[in-house]
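These notes are about the structure you will find just below.
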Amino acid sequence: MSIQAHAYSLKRRLLLTLLASIALVWLATAVFSYFDARHELDELLDAHLAQSVSLLLAQTGHEPEEIDTERMPLLHKRARSVAIQVWENGKVLRLHSASAPAGRLSPKDEGFSDALIAGKRWRVFSAWDAERRYLVQVGERYETRGEIAASLAKNLLLPLLFALPLLGLLVWFGVARGLSPLAALGRQVAERDPGNLGTLDAGEIPMEVMPLVENLNRLFGRVAQLIENERRFTADASHELRTPLAALKTQAQVARASANDAERAHALDNVIAGCDRASHLVQQLLTLARLDPDEPGTAAEACDLQALARTAVAELAPYALSKHVDIDLAEGAAAQTAGHAGLIAILLRNLIDNAIRYSREGGSVHVSVARANGSATLTVSDQGPGIPADERGKVGQRFYRVLGTEEFGSGLGLSIVKRIAELHGASVELGEGEQGRGLSVTVIFRQR
């Protein structure tokens, strides 16, 4: 499935998210401001009605007939939405504005009230003068209040129509500038040679992207190591298999050219022995190749070294018997260590196989497991030719064999042992065998 099928524009998503968030917050603020302003506006206009009534009551000392309010000029566009009435004894209309109806604005004589006049809602304030002779009523249409509130809401929302495109443009440029290091990183990866597994140049990468770059660099490092391991395995295999295959070919040619059955049988025996050596070499190469990755591949578990050693000794006892070599496992309590049982079993088989392989006829191999100072130790000793002290540091190198060794081998056994030990955080120590004879290999598994 194509990656682009699930790809999306980060810039577009950020832009839409930011603009939608701004619009929602602005809208919520506008709605809240509208209702709050509407409440305050009602309070203000109610106060204006009450103040107007107070002013008119202060003028009731004059004869109302002297003021002709019906010819009062309309000094403001909203003047028709306000009505004024002065009633004598609450029954006779003595004074009114041009916009006032013929009947009372409200049947209520005191305070605020709402009235429906000619299909329109009015807000009315009523009050008597001190002698309770004149009743003054001042009313205002609710429609006017709604128009003022709508105008206020319009003024709150109108800037959003101009601000959103401008904000969108600014956000787009800001996001594009912020993501430019990502684009540069993408170009850097796209333009690099397929064989270039070096680290990426972080440059001015944002902190949020730095973990991605670091993980990519670690991935490149692991891939480079894997490729190097493959190259090394291929080179090792081609180098080491060349000699046994050439020997097999030579022995096969000898068998074909043999004039008698004894010579032919001897050549075929050599072919079989050569096949065994090649098979052993291939097995060792494959084992070492599987151990090259940094991780063993399975979770660590509690391993009983004594039990694993017992199994390995039992598996290799027939081989020791064929070589006329005695092999024994020292009795001891279970020694637990955290690790991978399969790998530790391979380590044991290689150590014991090497010890048997290089032991003289009639010799012995001793295997022991112990626990001391929080560490589990595994020791395999033989009575073979041993390894000079000045050459022990080279033994773990691939295909290294001590000069003068007559027994065939791949030179990979101790390389496999050291690699498995490294995977378990263990160390390998080489020394002289019992009574100064042969070789003793000790693997120390430290508590983790």
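The values are calculated or read from the model by the stated rules, or taken from the named source; none is laboratory data. Since we're looking at a predicted model, the values are computed, not measured. Backbone-built Cβ (ideal geometry, glycine too); neighbour counts: all protein chains shown. Keep in mind that these areas ignore ligands, DNA and RNA; they rest on the heavy atoms of the full protein, side chains included. Shrake-Rupley method; radii C 1.70, N 1.55, O 1.52, S 1.80 Å.
Brief remarks on what is shown
- Members of region 244-302 that are at pLDDT below 80, among the acidic types (Asp, Glu) and either in contact with a strand residue (DSSP E or B) (Cβ under 9 Å, 6 or more places away or on another chain) or buried (at least 17 other Cβ atoms within 10 Å of the Cβ) (or both): none
- Identity of the residue in region 212-238, among the β-branched types (Val, Ile, Thr) and over 15 Å from LEU286 (Cα atoms), that ends up modelled with the highest pLDDT: VAL223
- Looking only at region 363-372, and only at residues there that are under 19 Å from CYS303 (Cβ atoms) and open to solvent by 40 Å² or more (accessible area, probe 1.4 Å), the one that is modelled with the lowest pLDDT: ALA372
- Extreme residue, farthest from PHE35 (Cα to Cα), among residues of region 158-181 that are open to solvent by 30 Å² or more (accessible area, probe 1.4 Å) and touching a residue at least 40 places away in the same chain (Cβ under 8 Å): LEU179
- Of the criteria (1) more than 26 Å from GLU422 (Cα to Cα); (2) in a helix (DSSP H, G or I); (3) modelled with pLDDT of 70 or more, which one ALA309 fails: (1)
- Of all residues in region 324-335, those satisfying the criterion of being under 51 Å from the mean Cα position of the chain (by Cα) and at pLDDT 85 or above are LEU329, ALA330.
- Condition met for GLN336 (touching a helix residue (DSSP H, G or I) at 6+ places or on another chain (Cβ under 9 Å) and surrounded by 21 or more Cβ atoms within 10 Å (Cβ to Cβ)): no
- Members of region 206-220 found to be among the acidic types (Asp, Glu) and not in a helix (DSSP H, G or I), listed by number: GLU208
- Taken together, the residues in region 315-362 that are hydrophobic (A, V, I, L, M, F, W, C) and under 25 Å from ALA300 (Cβ atoms) amount to 14.
- Single match in LEU348, LEU321 (criterion: open to solvent by less than 30 Å² (accessible area, probe 1.4 Å), at pLDDT 85 or above and not in a strand (DSSP E or B)): LEU348
- Region 376-433, residues that are closer than 21 Å to ASP326 by Cα, open to solvent by less than 40 Å² (accessible area, probe 1.4 Å) and either in a helix (DSSP H, G or I) or at pLDDT 65 or above (or both): LEU378, THR379, VAL380, SER381, ASP382, GLY384, GLY386, ILE387, GLY413, GLY431, GLY433
- Of the residues making up region 192-211, just one is modelled with pLDDT of 75 or more and acidic (Asp, Glu), namely ASP193.
- Every residue from region 351-362 that is out of contact with any helix residue (DSSP H, G or I) (no Cβ under 9 Å at 6 or more places or on another chain) and surrounded by fewer than 22 Cβ atoms within 10 Å (Cβ to Cβ): ARG360, GLU361, GLY362
- Screening LEU55, LEU45 for residues that are assigned to a helix (DSSP H, G or I), at pLDDT below 80 and open to solvent by less than 70 Å² (accessible area, probe 1.4 Å) leaves exactly one candidate, LEU45.
- Subset of region 120-157 (residues that are out of contact with any Asp or Glu (no Cβ under 8 Å at 6 or more places or on another chain), touching a residue at least 60 places away in the same chain (Cβ under 8 Å) and of a type in the set (D, E, K, R)): ASP129, GLU140, ARG141, GLU143
- Residue count, region 85-102 (criterion: in a strand (DSSP E or B) and either closer than 19 Å to ALA130 by Cα or within 60 Å of the chain's Cα centre (by Cα) (or both)): 8
- Residue list for region 351-375, filter: basic (Lys, Arg) and in a helix (DSSP H, G or I): ARG357
- Residue ID - nearest to SER106 (Cα to Cα), chosen from residues in region 58-96 that are at pLDDT below 75 and of a type in the set (A, V, I, L, M): ALA79
Residues checked against (1) touching a strand residue (DSSP E or B) at 6+ places or on another chain (Cβ under 6 Å); (2) open to solvent by 20 Å² or more (accessible area, probe 1.4 Å); (3) modelled with pLDDT of 85 or more:
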| position | (1), (2), (3) |
| --- | --- |
| ILE117 | no, yes, no |
| ARG123 | yes, yes, yes |
| ALA130 | no, yes, no |
| ARG141 | yes, yes, no |
| ARG145 | no, no, no |
| LEU152 | no, yes, no |
| LEU156 | no, yes, no |
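- Matching residues, region 319-339, being in contact with a strand residue (DSSP E or B) (Cβ under 7 Å, 6 or more places away or on another chain) and not β-branched (Val, Ile, Thr): ALA320, ASP326, ASP328, LEU329, ALA330, GLY332, ALA334, ALA335, GLN336, ALA338, GLY339
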